[in-house]
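Okay, so here's the structure we're looking at.
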Amino acid sequence: MHDRLDFNDLPTSLAGRLTPSALVADALLRQTITEGGCERFFEGGSRLVVIHGVRPDDASVLCDAVHDLIGGTVECFVQINASARDWTDLASQRPQYVERLLMDASVSTRPLAVLSRRRTEVPGVVGTVADGVIPLARSQEAIADIVREAAGFQPDERLLARLARLPLPFLNLAIRPGMSADRMWRIAGRLVRHRPELERERRPAKLTDAKVRKPSDASVVATPQPAPERLEDLPGMGEAGRWGLRLAADLAEYRAGTLPWSDLESGMLLHGPPGTGKTLFARALAGSCEIPLHSHSIAAWQAKGHLGDMLKAMRAAFAEARKSAPCILFLDELDSVGSRDEPLGDNASYQRQVVNGLLECLDGAAQRDGIIVVGATNKPDVIDRAVLRPGRLGRHIEVRLPDLAGRVGILEHHLRGELPDANLMRLADEFGEASGAALAQLVREARGLARRVRRSMSEADLWAALPPGVLLSDAAFRRMCVHEAGHVVAGLEMAAVSGLVPTRVRVRRRVRDGEGNQTDFDVLEGIDQSRESVEAQIVVMLGGLAAEEVLLGSRSTLGGGSRDADLVRATRLATSFEFSFGLGGHLHSVPTTELASAAAWRDGERSRDRVEQVLGRCFGKAKAIVERRREEINALASRLAKTNAVTLT
Ligand code: ADP
């Protein structure tokens, strides 16, 4: 490959480019771009290529290699003058940098390479406009070439695996002309031990240490230890992660004395289903800000029984936090403080005093610099609005169940470099609707399975650890396909009025956690929310049941049951339609947030009849659409049964 390389006889201007690290980087880059199908980059034909799987330690050498592209070896001097951005540090992905990158890529004539640690860390807009988002190639082959050429021997698998663990710049210390295999092995080992985190790191590699070790070697079953948590290292944190990193940067300025505390956003509420990483977020935020975390649960304070004890515990928590400011004060299960809007009753006075107590503490905290209060809840609706106003916990961020890319990232995070060749995409796709906690549990179980038989974990262990779920019969699966096809066709028909555009539909024959099927919709913002629009949304929600009834002759339980089931959501919206939006025959209105507790609509048959009428009317419309378009539903259902997923846009 680099036939004419001679380390002892180089013009000085070229010496920097011909170090082992630069040569490996050059070879890696070419291999990455070729294997990734982006050869046009070499001719300056691509605008933007994103390379992921780059370790921060390697980024600067790889950036240099991009700048030198085609000029990296003595014999080849055709330079394309590409440029590169190191995005292995998450802070570099702040919106203003993303904006600048997009501007640069759109006006520059030079191709641009962006280096990122993980695929999941590439901002969506950058991934979409890039000519390619490709993984960094494995380095063993390039390293073997350099060792052969520089030192004159063929390195064995163990040595190669050890060299591949080193940051690229360290290769200049480990590979030198004329060096013996033994000495190279010792130096590389010494360098690995010098950086303990390298011992843990398992780079994607065909030739891993595990292959050549004997099974009796205890380290084969040793589990890599988790690194301390920081937001920069957490996948799937979305907006909350970005907020946290901005806060960490602001906090650094505050500590340097260049930003007053009043300019910091020092209160936020995270809301979302259990297991989505709210508590983990608080820990990682404290890690990234490098400040202490004080963690409390309001429900646990409440369990103390007496109001006085609860208020005492609350004040003590704030006082303790004040002593170690700047710090994070995490208040879990914040919904337990309740709301002063609760209807009068035994609880009302208790609730009022709890809320007032918290407001006092929060306002006190605002006056006393240095306490960042992070609240977490699954039920944001029941928290008193005064607690959530700007200046207290004014920033509200929803954490959702992770999407496919998020699930892959969370699996990678918990695998900590193990099983680099596993097809995590397929696994994450199979385990849809899983929370971060469920994915962490999956990896723990897989490790446990392997540990019990004293061998290293394999991809098969991950599959074996999946919750078994239930395999649907042919008839049940066909019903599921018809049901989803009904949503899609009703959705397409009503999209312009409802503002809901179906984008993707997915069914699963093996159902885990009751979540087998799903149609995703894009929500058109700013649509005229007329009576017709709200009714159209209900029609789309009922499209699945309508298709079951029309095409299969009867409905099933698929429409009801869980909080998010079609009928439950449709009933909620129809209730708002009648009792909150004033769109039915009456104008009286109850705030939507209070409908659940308001007696107004639950009492009496007349009220229920009003909701039932809306639902009945919409179900009729859904059935009419389904009758008219039954052929399309049949065709889509058959396709779904074969492919399991159809993308519509
Ligand atoms: P919540 O507070 O929302 O109920 P937790 O923060 O307690 O959830 O999450 C439970 C566990 O799930 C965490 O300790 C972690 O192992 C895993 N987990 C959740 N979200 C993530 C994530 N985004 N990345 C990695 N692990 C996660």
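The values are calculated or read from the model by the stated rules, or taken from the named source; none is laboratory data. If you're wondering where the values come from, they're calculated on a predicted model, not measured in any experiment. Using ideal geometry, Cβ is built from the backbone for each residue, glycine included, and neighbour counts are taken over all protein chains shown. Side chains included, ligands, DNA and RNA excluded: accessible areas come from the protein's heavy atoms. Shrake-Rupley method; radii C 1.70, N 1.55, O 1.52, S 1.80 Å.
In deg cm²/dmol, rounded to 500, what helix-only [θ] at 222 nm does the chain give when every DSSP H run of at least 4 residues adds -39500 (n - 2.57) and the total is split over its residues? Each step should come with its number before you reach the end.
Values: 26 runs with 315 residues, N = 649.
Result for the chain, helices only: -15000 deg cm²/dmol.
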Query raised in the report: Which values of log₁₀ I(q)/I(0), to two decimal places, follow from the Debye formula for the stretch 142-201 at q = 0.28 Å⁻¹ with a uniform point scatterer at every Cα?
Result: -1.26
Query raised in the report: Using Cα atoms only, what is the angle between the long axis of helix 531-552 and the major principal axis of the chain, expressed in degrees (0 to 90) to the nearest 10?
Result: 80 degrees
Query raised in the report: What residues from the stretch 256-293 fall in the zone where the backbone N is under 13 Å from a label point 7 Å along the Cα-to-C-beta line of Asp89?
Result: none
Report task. Starting from the Cα-Cα distance between Ala299 and Val98, subtract it from 0.36 nm times their residue separation and give me the gain in nm to one decimal. Result -> 68.3 nm
Report summary line: Projected onto their principal axes, the Cα atoms of the chain stretch, largest extent first, over whole-Å spans of 95, 68, 58
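So if R0 is 51 Å, what FRET efficiency would Gln353 and Arg504 give, r being the distance between their Cβ atoms, rounded to the nearest 0.05?
On the way: r = 49 Å, r/R0 = 0.96.
Rounded to the nearest 0.05, the efficiency is 0.55.
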Report summary line: tail above 18 Å in the computed P(r) of the stretch 404-466, as % of all Cα-Cα pairs, reads 23 percent
Report summary line: Label model pair Arg183, Arg444: point-to-point distance (7 angstrom along the Cα→beta-carbon line) in nm is 5.0 nm
Report summary line: Any residue on another chain or 5+ positions along whose placed amide H is under 5 Å from the amide H of Ser297 is listed here as Asp332
Report task. Enumerate the calculated ³J(HN,Hα) couplings along the stretch 556-572 in order (Karplus 6.51 cos²θ - 1.76 cosθ + 1.60, θ = phi - 60°), each rounded to whole Hz, writing x wherever the residue is Gly or Pro. Result -> 10, 7, 4, x, x, x, 6, 4, 9, 5, 3, 5, 5, 5, 5, 5, 4
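Ignoring ligands, DNA and RNA, how do Lys379, Lys642 rank by accessible area with a 1.4 Å probe, largest first? Could the numbers behind the result be given before it?
Working: Lys379 110, Lys642 170 Å².
Sorted by accessible area, descending: Lys642, Lys379.
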**Report entry** Accessible area expressed per residue, the chain, with surrounding protein chains retained (probe 1.4 Å, Å²)
**Finding:** 48 Å²
Report task. Leaving ligands, DNA and RNA out of it, work out the accessible area of Ser324 with a 1.4 Å probe and give it in Å² to the nearest 10. Result -> 40 Å²
Requested in this report: Round to the nearest 10 and report in Å² the accessible area of Asp131, as given by a 1.4 Å probe over the protein chains' heavy atoms.
Outcome: 80 Å²
Requested in this report: Name the residues whose placed amide hydrogens come within less than 5 Å of the amide hydrogen of Glu398, ignoring near sequence neighbours (fewer than 5 apart) on the same chain.
Outcome: His271
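Within the P(r) computed for the stretch 234-398, what percentage of the Cα pairs occupies the region above 28 Å? Intermediate results must be reported in sequence, preceding the final value.
Details: 2392 of 13530 pairs.
That tail contains 18 percent of the Cα-Cα pairs.
When the chain is fully extended, how far beyond the present Cα-Cα distance does Trp463 get from Asp156, taking 0.36 nm per residue of separation? Could the numbers behind the result be given before it?
Numbers: separation 307, 0.36 × 307 = 110.52 nm, distance 3.26 nm.
This chain segment gains 107.3 nm when fully extended.
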Report summary line: To the nearest 0.05, the calculated FRET efficiency linking Ala319 and Arg255 through their beta-carbon distance, R0 being 25 Å, is 0.70
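Rounded to a whole number, what is D in µm²/s for the stretch 312-431 from Stokes-Einstein with the Kirkwood radius over alpha-carbon pairs (4 °C, 1.567 mPa s)?
Working: Rh = 17.1 Å.
D = 76 µm²/s.
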**Report entry** Exposure of His588 as accessible area (Å², to 10), given a probe of 1.4 Å and all protein chains
**Finding:** 100 Å²
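Say the cut-off is 28 Å between C-alpha atoms; which of Lys379/Lys623; Lys278/Lys642; Lys278/Lys304; Lys312/Lys379; Lys304/Lys379 go over it?
Beyond 28 Å between Cα atoms: Lys379/Lys623; Lys278/Lys642.
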**Report entry** Folded to 0 to 90 degrees: helix 436-452 orientation relative to the chain principal axis, Cα
**Finding:** 50 degrees
Requested in this report: Run the accessible area of the chain with a 1.4 Å probe and give the carbon-and-sulfur part as a rounded percent.
Outcome: 50 percent
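What full-extension length gain, to one decimal in nm, is calculated for Val453 and Arg426 as 0.36 nm per residue of separation minus the Cα-Cα distance? All intermediate terms of the calculation are to be shown ahead of the outcome.
Numbers: separation 27, 0.36 × 27 = 9.72 nm, distance 2.56 nm.
Value of the extension gain: 7.2 nm.
Counting only protein chains, not ligands or nucleic acids, how are Asp528, Asp145 ordered by accessible area (probe 1.4 Å), most first?
Details: Asp528 115, Asp145 25 Å².
From most accessible down to least: Asp528, Asp145.
Heavy atoms only, 1.4 Å probe, whole protein assembly: order Val511, Val453 by accessible area, highest first. Don't skip to the answer; put the middle values down first.
Values: Val511 25, Val453 90 Å².
Correct descending sequence by accessible area is Val453, Val511.
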